[in-house]
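One structure is given below, encoded as structure tokens.
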Amino acid sequence: MKEKPTGRSEESGWTFFTNHAHVLLCLAGDPEMRLRDVGAQVGITERAVQKIVSELEAGGVLERERHGRRNVYRILGKRPLRHPVESHCTVEGLIRFVIDSKP
């Protein structure tokens, strides 16, 4: 007999947010987080995180500033989300929704 899915990503293989959103949320929570640590938290390689950060920068959602040997990331929260379905929402709204909802 087949079990009913519980909605956990480990069992079903998908999540509601993309890796781009996951990376953005990690950096919003800790702007000095190393990309290696972001990758570990999101479950992707450091190289994949680097590509996503570059795309977020190119899209005007993220800025990177060098502080000594580390990067510090600044989210440009007033930007609208990119897909037409959620373009009425801002990056800041997404971040607040997820981070402020943490127990």
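The values are calculated or read from the model by the stated rules, or taken from the named source; none is laboratory data. A quick note: this is a predicted structure, and the numbers were derived from the prediction, not measured. Counting neighbours? That spans all protein chains shown, and the Cβs are built from the backbone with ideal geometry, glycine included.
Points to keep in mind about this one:
- Residue within the range 70-78 that is at pLDDT below 95 and more than 20 Å from residue 99 (Cα to Cα) present: yes
- Qualifying residue in the range 48-59 (condition: among the polar types (S, T, N, Q) and more than 13 Å from the chain's Cα centre (by Cα)): no
- Residue in the range 47-67 that is touching a Gly at 6+ places or on another chain (Cβ under 6 Å), among the aliphatic types (A, V, I, L, M) and surrounded by 18 or more Cβ atoms within 10 Å (Cβ to Cβ) present: yes
- In the range 30-39 there is at least one residue that is in a helix (DSSP H, G or I), hydrophobic (A, V, I, L, M, F, W, C) and at pLDDT 95 or above.
- Across the range 68-83, the qualifying residues are those that are under 20 Å from residue 94 (Cβ atoms) and without any contact (Cβ under 8 Å) to a residue 12 or more places away in the chain, and the one among them that is surrounded by the most Cβ atoms within 10 Å (Cβ to Cβ) is 80.
- The one condition in (1) surrounded by 14 or more Cβ atoms within 10 Å (Cβ to Cβ); (2) free of Cβ contacts under 8 Å to residues at least 12 places away in the same chain that residue 88 fails to fulfil: (1)
- Every pair of residues 6+ apart whose Cβ atoms lie under 7 Å, when the first sits in the range 31-54 and is acidic (Asp, Glu) while the second is surrounded by 19 or more Cβ atoms within 10 Å (Cβ to Cβ): 46/35; 46/39
- Considering (1) under 21 Å from residue 79 (Cα atoms); (2) assigned to a helix (DSSP H, G or I); (3) at pLDDT below 95, the lone condition that residue 11 does not fulfil carries the number (1).
- Within the range 74-103, the set of residues being assigned to a loop (DSSP other than H, G, I, E, B) and either polar (S, T, N, Q) or under 15 Å from residue 17 (Cα atoms) (or both) comprises 81, 82, 83, 85, 86, 87, 89, 101.
- Of all residues in the range 57-73, those satisfying the criterion of being more than 14 Å from residue 23 (Cβ to Cβ), of a type in the set (Lys, Arg) and not in a loop (DSSP other than H, G, I, E, B) are 66, 70.
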